[in-house]
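J.: Here's a structure for you.
The values are calculated or read from the model by the stated rules, or taken from the named source; none is laboratory data. In this text the structure is predicted, and so the values were computed from the model without any measurement. FYI the Cβ positions are ideal-geometry reconstructions off the backbone, even for glycines, and counts take in every protein chain you see. Note: accessible area is taken over every heavy atom of the protein model, side chains too, but ligands, DNA and RNA are not part of it. Shrake-Rupley method; radii C 1.70, N 1.55, O 1.52, S 1.80 Å.
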Amino acid sequence: MLKSDNTYKGNTRIQEGVLGVSSPCLYRNADVYVSTGAKFDLNFTGTNRISCLYLGGQRYTAGVFGRDAEGGPTWFSGSGFLKVEPGTTFIIR
């Protein structure tokens, strides 16, 4: 269970078992990967924004996901949500 603010800014991969978070601590511009048979326990109130979500290899680039939303109890437990919104890319010329 991750219980505090996350200073890690990379992607999160859940390949087996359950990963729990007790606050919306995932990095805004990161991707989250949940493998078939694994589960993400969003054990917090509210929403955590991320850039992209992969559930069993299927890519999702927009939407709200959680136990009581898209993805449902197959992929998620807990009362929190992931809001998938692609990050902003700046091109400097």
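J.: Just give me the residues in segment 20-56 being of a type in the set (Gly, Ala, Ser) and either within 14 Å of Glu85 (Cβ to Cβ) or not in a loop (DSSP other than H, G, I, E, B) (or both), in sequence order.
T.: Gly20, Ala30, Ser51, listed by residue number.
J.: Shifting gears a bit: Are there any pairs with C-beta distances below 8 angstrom linking a residue in segment 49-74 that is touching a residue at least 24 places away in the same chain (Cβ under 8 Å) to a residue that is part of a helix (DSSP H, G or I) and open to solvent by 60 Å² or more (accessible area, probe 1.4 Å), with the two at least 6 apart or on different chains, and if so which?
T.: These pairs meet every condition: Arg67/Pro73.
Yes/no matrix, rows are residues, columns are (1) polar (S, T, N, Q); (2) open to solvent by less than 30 Å² (accessible area, probe 1.4 Å); (3) closer than 14 Å to Gly71 by Cβ:
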| position | (1), (2), (3) |
| --- | --- |
| Arg13 | no, no, no |
| Glu16 | no, no, no |
| Leu19 | no, no, no |
| Cys25 | no, yes, no |
| Asn29 | yes, no, no |
| Val32 | no, yes, yes |
| Ser35 | yes, no, yes |
| Phe44 | no, yes, no |
| Asn48 | yes, yes, yes |
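J.: A further question on this structure: Can you give me the number of residues within segment 68-78 that are out of contact with any strand residue (DSSP E or B) (no Cβ under 7 Å at 6 or more places or on another chain) and open to solvent by less than 60 Å² (accessible area, probe 1.4 Å)?
T.: Of the residues in segment 68-78, 1 are out of contact with any strand residue (DSSP E or B) (no Cβ under 7 Å at 6 or more places or on another chain) and open to solvent by less than 60 Å² (accessible area, probe 1.4 Å).
J.: Return only the number of the condition from (1) in contact (Cβ under 8 Å) with a residue 40 or more places away in the chain; (2) within 12 Å of the chain's Cα centre (by Cα) that Lys39 does not satisfy.
T.: (1)
J.: Next question. Quick one: which of Phe40, Phe65 is in contact with a helix residue (DSSP H, G or I) (Cβ under 8 Å, 6 or more places away or on another chain) and either surrounded by fewer than 18 Cβ atoms within 10 Å (Cβ to Cβ) or within 19 Å of Tyr8 (Cβ to Cβ) (or both)?
T.: It is Phe40.
J.: Same structure again: Please verify whether segment 41-60 includes one or more residues that are under 13 Å from Gly78 (Cβ atoms), at pLDDT 95 or above and of a type in the set (A, V, I, L, M, F, W, C).
T.: yes
J.: Of the numbered conditions (1) surrounded by 17 or more Cβ atoms within 10 Å (Cβ to Cβ); (2) modelled with pLDDT under 95, Pro86 fails exactly one; give the number of that condition.
T.: Pro86 satisfies all of (1) surrounded by 17 or more Cβ atoms within 10 Å (Cβ to Cβ); (2) modelled with pLDDT under 95 except (1).
J.: For segment 57-88, name all the residues that are within 15 Å of Leu19 (Cα to Cα) and in a loop (DSSP other than H, G, I, E, B).
T.: Arg67, Gly78, Ser79, Gly80
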